[in-house]
1. Around Y355, under 9 Å between beta carbons, what's the net of Lys plus Arg minus Asp minus Glu among the other residues?
2. If R0 is 30 Å, what FRET efficiency do you get for V191 and E369 from their C-beta distance, rounded to 0.05?
3. Which value in nm describes the separation of the simple spin-label points at D66 and V85, placed 7 Å from the Cα toward the beta carbon?
4. Roughly speaking, what is the centre-to-centre gap between the range 270-316 and the range 114-145 when only Cα atoms are used, to the nearest Å?
5. Work out, step by step, the length gained on full extension between R105 and R429: first 0.36 nm times the residue separation, then minus their alpha carbon distance; give nm to one decimal.
6. Determine the share of the range 16-104's accessible area contributed by carbon and sulfur atoms, expressed in whole percent, with a 1.4 angstrom probe.
7. Pick out, in residue order, every one of the GluC sites (Glu not before Pro) in the range 328-432 that is DSSP loop and has at most 15 other C-beta atoms within 10 Å; say none if there are none.
8. Hey, can you find the accessible area per residue of the chain for me, probe 1.4 Å, expressed in square angstrom?
Amino acid sequence: MIWNEAKECMSRDELSSLQGARLVKLVDYVYHNVEFYRKKMQAVGLEPGDIKNIEDIVKLPFTTKDDLRDNYPFGLFAVPQSQIVRVHASSGTTGKATVVGYTRRDIEIWAECVARCFAMTGVTKNDIIQIAYGYGLFTGGLGAHYGAEKVGAMVVPMSTGNSKKLTTMMVDFGATAIACTPSYLLHLAEVLESENKIKDIKLKYAICGAEPWTEKMHKDIEERLHVSAHDIYGLSEVMGPGVACDCKFHTGLHVCEDHFYPEILNSATLTTQIPGETGELVFTTLTKEALPLIRYRTKDLTSIDYSTCQCGRTSARISRFKGRVDDMLIIRGVNVFPSQVEAALVDVEEVSPHYMIIVDRVNNLDTLEVQVEINPQYFTDEIRGIEALTKKISHVLNQALGLNPKVKIVEPQTLVRSEGKAVHVIDKRKLY
Ligand code: DLL
């Protein structure tokens with residue numbers, strides 16, 4: 001079933017003129033409603049009338065996560081607060097959240113995009129879907145939820161956490177689809193295997209995203225759970241899940257191009273890469289009202305293919321993600337920057353600025369350990385003192401990251417000093 005054939009199968013020429021018309025409207029809209037964009041355009045001598053078609057997009061300046069952070073919390077919103085019906089947030093590089101807002105229409109379009117994604121995987125109103133992305137400020141849970149409801153599927157809002165309950169309900173309810181991070185799904189596969197329940201499940205589809213995963217993980221999920229596994233992509237700044245997803249042919253993720261205009265950038269030269277070449281993905285939101293973004297640099301690395309897919313969709317397809325251009329780690333779906341750890345530790349006077357973040361994957365679940373050097377004047381052999389300090393640091397890091405890292409206090413001068421750029425992260429996860 002194709003959810004919105006009119007939008008997903010239009011010719012590339014038709015699509016370009018739709019995108020062009022939407023861009024012209026968008027530029028006029030942001031120029032008159034967001035001071036940040038007006039100033040940025042004025043700084044390069046641009047007036048809204050200078051943007052006449054989609055090709056003109058390259059004249060516009062880029063937007064970055066720092067711009068969102070500098071305008072925290074609502075500075076880039078293009079509508080008054082009375083028109084915002086929801087906000088979500090994700091972590092920023094220094095611990096300050098990046099806040100995103102939605103009008104009622106934004107929420108409707110978001111649900112439609114996610115519905116398209118689910119529909120292209122095969123999910124229909126006859127399916128029972130467990131949503132096991134986190135519900136809350138993270139866009140995963142609610143974003144997937146509204147899209148699944150729009151398809152008409154029966155939604156089970158599990159959120160994350162209780163794996164035993166999830167697997168029990170998966171069997172008891174006869175769930176036919178699940179949406180969660182790929183690493184969590186592999187963990188669930190282990191739980192089901194250990195309970196000898198694989199034979200009892202009725203899963204047909206897995207819609208996984210929010211973190212990088214490999215072809216091998218994809219194959220593993222399909223073989224162990226007997227499902228068709230799909231890659232869903234999105235980011236809160238642009239909307240949330242549902243910006244792109246792969247269909248049953250698995251030849252790249254179809255971008256909802258009538259709403260999000262993709263460009264692939266050579267980060268060094270800031271010029272557009274030719275199709276097939278890897279670069280940084282940049283998005284312009286063509287229809288968003290609350291938080292429109294012009295040429296937003298996602299930092300995600302991928303390549304693009306404009307040829308028509310075997311499924312009939314004409315939308316551009318981006319390849320499975322090859323990593324990021326910055327140091328953002330994704331741990332259990334939560335975005336973590338090393339600088340957030342550093343900023344949090346600065347407030348703990350007993351420890352030095354030397355720290356090391358160790359990320360691993362045990363039983364398919366990400367683990368996070370933070371090693372911190374104690375300051376020589378606080379160095380003690382007294383266990384109780386160390387225990388109290390460990391607890392204090394755990395609390396500080398939990399507040400900053402929204403995760404519960406294992407904290408290990410080490411003696412002064414233990415951590416390796418780097419001669420060049422400081423190394424603060426050891427990521428042992430093997431994306432096998
Ligand atoms: O992770 C939105 C989402 C939720 C997508 C559920 C898919 C499913 P953020 O927390 O803002 O939003 O994180 C966005 O996560 O820039 C990528 O680096 C990474 N990411 C998201 N989906 C994928 C994917 C959500 N399918 C950041 N493959 C993005 C690889 C992904 N990386």
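1. On the way: positive: none; negative: E342, E373.
Counting the neighbours of Y355, the net charge comes to -2.
2. Numbers: r = 23 Å, r/R0 = 0.78.
Calculated transfer efficiency: 0.80.
3. 3.6
4. Using only Cα atoms to place each centre, the spacing works out to 22 Å.
5. Working: separation 324, 0.36 × 324 = 116.64 nm, distance 3.96 nm.
Stretched out fully, the R105 to R429 stretch lengthens by 112.7 nm.
6. Here it works out to 52 percent.
7. Numbers: sites: E342, E349, E350, E369, E373, E382, E387, E419; in loops: E349, E350, E382, E419.
Answer by residue number: E349, E382, E419.
8. Working: 18910 Å² over 432 residues.
On a per-residue basis, 44 Å².
The values are calculated or read from the model by the stated rules, or taken from the named source; none is laboratory data. On a predicted model such as this, the values are computed, not experimentally measured, just so you know. Neighbour counts run over all protein chains shown; Cβ positions are idealised from the backbone, glycine included. Surface accessibility is based on the protein's heavy atoms, side chains included, excluding ligands, DNA and RNA. Shrake-Rupley method; radii C 1.70, N 1.55, O 1.52, S 1.80 Å.
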